[in-house]
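Reviewing the structure listed below.
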């Protein structure tokens with residue numbers, strides 16, 4: 001199964017951009033990268049997903065490298081409410097998913 | 001529209017008992033996946049159901065089982081509970097049969113199971 005690697009924790013100042021990296025070097029050609037976040041004791045919340053091209057929605061931007069071995073989630077103007085654990089996930093062709101340990105993002109005032 | 005609903009939210013069971021958890025997906029969604037989340041192991045995939053058929057299964061013992069009904073509601077059952085089964089059990093619903101088909105999944109709030 002495709003595996004993802006993320007830094008365990010990151011800090012970001014409120015109002016600044018938060019850039020969360022993810023390594024998925026074993027990703028296959030037609031597997032998508034998804035990002036979710038989980039605030040304590042709640043279910044994971046979908047953020048964004050992509051295949052090859054960079055994607056943007058109202059929550060975030062996703063930058064995927066040309067070789068697709070890594071990606072970066074960008075929260076353009078982080079707020080205190082963005083403090084959460086962020087998961088980068090690759091869903092295999094069989095539909096299975098590996099969440100990994102995620103990155104705990106702490107947004108500080 | 002209503003989100004993914006999981007019941008009950010909290011549950012305490014004794015070792016050796018069995019438990020059934022319920023998940024009602026978003027209206028129109030036909031795929032339901034189940035996950036176990038523990039502090040030590042993170043989020044682990046249990047199984048996925050689509051149109052009443054199990055499509056994928058994670059690496060869990062046979063004590064963990066599930067089913068999906070014609071209205072897409074799903075249940076998971078854990079028999080002969082062990083202390084290590086204490087976890088947050090999450091279900092996610094999506095339109096398509098697999099998340100690789102570019103359909104994002106929406107998670108419920110989870111059921112927190114404590115085995116004593």
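The values are calculated or read from the model by the stated rules, or taken from the named source; none is laboratory data. Quick caveat, the model's predicted, so the values are computed rather than measured. Virtual Cβ from ideal backbone geometry, glycine too; neighbours counted across all protein chains shown.
Suppose we filter segment A:4-26 for residues that are surrounded by 13 or more Cβ atoms within 10 Å (Cβ to Cβ) and either at positive phi or not in a loop (DSSP other than H, G, I, E, B) (or both); how many remain?
9
Tell me which residues, restricted to segment A:37-60, are buried (at least 18 other Cβ atoms within 10 Å of the Cβ) and within 13 Å of residue A:18 (Cα to Cα).
Once the filter is applied, which keeps residues that are buried (at least 18 other Cβ atoms within 10 Å of the Cβ) and within 13 Å of residue A:18 (Cα to Cα), segment A:37-60 yields only A:60.
Among all residue pairs at least 6 apart or on different chains, which show Cβ distances below 9 Å where the first residue, located in segment B:94-116, is more than 8 Å from every other protein chain (Cβ to nearest Cβ) and buried (at least 17 other Cβ atoms within 10 Å of the Cβ) and the second is in a helix (DSSP H, G or I) and at pLDDT 70 or above?
Note: pairs meeting the criteria are B:113/B:85; B:115/B:83; B:115/B:84; B:115/B:85.
Residue A:30 versus (1) touching a residue at least 40 places away in the same chain (Cβ under 8 Å); (2) touching a strand residue (DSSP E or B) at 6+ places or on another chain (Cβ under 7 Å): which is the lone unmet condition?
The single condition residue A:30 does not satisfy is (2).
Scan segment B:47-70 residue by residue and report those that are touching a residue at least 40 places away in the same chain (Cβ under 8 Å) and under 25 Å from residue A:8 (Cβ atoms).
Scanning segment B:47-70 gives no hits.
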